[in-house]
Amino acid sequence: MSAVPQERRLVTAIPGPKSQELQARRTATVAGGVGSVLPVFTTRAGGGIVEDVDGNRLIDFGSGIAVTSVGASAEAVVRRASAQLQDFTHTCFMVTPYEGYVEVCEQLAELTPGDHAKKSALFNSGAEAVENAVKIARAYTRRQAVVVFDHGYHGRTNLTMALTAKNMPYKHGFGPFAPEIYRVPVAYGYRWPTGAENAGAEASAQAIDMINKQIGAENVAAIIIEPVLGEGGFIEPAKGFLPAISQFATDNGIVFVADEIQSGFCRTGQWFACEDEGVVPDLITTAKGIAGGLPLAAVTGRAEIMDAPHAGGLGGTYGGNPVACAAALGAIETMKELDLNGKAKRIEEVMKGRLAAMAEKHDVIGDIRGRGAMIAVELVESGTRDGAKTPDAAAAAALAKACHQEGLLVLTCGTYGNVLRFLPPLVIGEDLLNEGLDIIENAFAGI
């Protein structure tokens, strides 16, 4: 149980005077390129609440972008990380190893899809994990090309910017980018020209045709996809798409990489989102929810693929930091003990039911989608949801602002900037969940 009272409380305007003072200090010393969704400065957080320096308590529908799934101060995470801090903070696993790193890799081998022999390597961030997955795939296949998808997001390093589809704010002005990256269509059901029911088969056929004709399957080292696309708008590829792409990769000796950085660790009501259609990736990248808020990431996959790089070819000074590994073991313990997959499914049931009722009243809601506690609404200009489906980014911004003013932290996303995404901690109380949905309902009524 969190030490932070699990109730919304507004004692000042949002942001309050102390947050505004800190924002002035921030403006003077923090680079302008580092943005924030909401400039309230946090003092503590836990369960489904974020408390700021002014004493306001906000309901958290963001989880630090799907990171604090077990809460921002989960008991097992704090206990294990604190104990590790007492022993040592760092040795570098590449200098003198330690058991925690090995334990995390053992857990990943147990939890990730497939019963084949698996190995892992640990890193600091999701982008670093994706970058290393590409290195591993290239070492294994002796090929260079990498295939990614429309609306995909994979990170902010030079290579992962190249893999990412969205220009602003991730790529604009930062080129040139890494070569040998190719982008193909994804089965975006809501916007598929011939209808969602055709998207899986048609999009996979188009993607495979483009790979064969424009790249040559024999030149492709890896195909990388998010099983639920995150920054692109919480797009669930239409049924049949992921299995078809995975099978094509297998048939052509291509490493199939599932980027589960946002969708993994119980977020969608399964340990990993690719399990929904029984897809078993060759490699899987994880981060965000893995360690309860501490920086940790992993590449996990088939042992023979993971062993392809030469000794010393993988690593990094802080990769698999012992405190972060301890936190990960605490987070996984919490996920198992509290059945957070079950909690995520219940969150989906509550949220989709409430959002569907809102959609009956407000035709700005074009689509409701997602799984578990990874739910989104796509907003379109009034009167266009069944026709042109014209994206309405202004409505998304207005709704987010209205929610923030009432003490509900929500995020936007989407290639068109028109998606409200909801990522509550999986441990959020149902009373807070419904109170947050009440705020969203009132926000829709006010636009």
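Quick note: the coordinates plus some simple rules give every number you see, no bench work behind them. In this text the structure is predicted, and so the values were computed from the model without any measurement. Every residue, glycine as well, gets a Cβ built from its backbone with ideal geometry; the counts of neighbours run over all protein chains shown.
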Just going by the charge dipole of the chain, with Lys and Arg at +1 and Asp and Glu at -1 on Cβ, which of 167, 301, 104 is farthest out on the positive end?
167
Loop trypsin sites (Lys or Arg not before Pro), segment 119-205 (other Cβ atoms within 10 Å of the site Cβ: 12 or fewer; DSSP)
142
Order of 334, 89, 68, 157 from fewest to most other C-beta atoms within 10 Å?
89, 157, 334, 68
Can you compute the equivalent ellipsoid semi-axes for the chain, i.e. the square root of 5 times each eigenvalue of the Cα gyration tensor, sorted largest first and rounded to whole Å?
33, 29, 20
Assign unit charges at the C-beta atoms only (+1 for Lys and Arg, -1 for Asp and Glu), then state the dipole size of segment 79-232 relative to its Cα centre in Debye, rounded to the nearest 20.
440
Report, in order of residue number, the helices in the chain meeting two criteria: a C-alpha extent of 20 Å or more along the helix axis, and a mean Kyte-Doolittle hydropathy of at least -0.5; treat each whole DSSP H run as one helix.
126-141, 196-210, 322-337, 430-445
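Which FRET efficiency, nearest 0.05, do residue 99 and residue 388 yield, Cβ-Cβ r, R0 41 Å?
0.10
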Please order 447, 375 by the number of other Cβ within 10 Å, starting at the fewest.
447, 375
In terms of modelled amide H atoms, which long-range or inter-chain residues lie less than 5 Å from the amide H of residue 150?
184, 186
Quick note on 362, 154, ordering by fewest other C-beta atoms within 10 Å, gives 362, 154
Relative contact order, percent, segment 77-337 [alpha-carbon distance under 8 Å, six or more residues apart]
31
Which shape class, rounded, prolate or oblate, goes with segment 1-72 when its Cα gyration tensor gives a ≥ b ≥ c as root eigenvalues, a/c under 1.5 marks rounded, and past that a/b bigger than b/c marks prolate?
oblate
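For the pair residue 34 and residue 447, what calculated FRET efficiency results from E = 1/(1 + (r/R0)^6), where r is the Cβ-Cβ distance and R0 = 30 Å, to the nearest 0.05?
Details: r = 29 Å, r/R0 = 0.98.
Between residue 447 and residue 34 the formula returns 0.55.
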For segment 56-103 and segment 338-357, distance of Cα centres in Å:
26
Over the chain, what relative contact order in percent results from Cα pairs under 8 Å that are six or more residues apart?
22
Segment 348-429: mean projected area of Cα convex hull, nm²:
5.4
Helix-derived [θ] at 222 nm for the chain: sum -39500 (n - 2.57) over DSSP H runs of at least 4, divide by residue count, nearest 500?
-11500 deg cm²/dmol
At q = 0.08, 0.10 Å⁻¹, what base-10 log of I(q)/I(0) does the Debye formula yield for segment 77-337 when every alpha carbon is treated as an equal point scatterer in vacuo?
-0.30, -0.47
Can you give the relative contact order of segment 85-170 as a percent, counting alpha carbon pairs under 8 Å and 6+ residues apart?
18
Among 224, 181, 48 - extreme Cα towards positive end, dipole of the chain, charges at beta-carbon
181
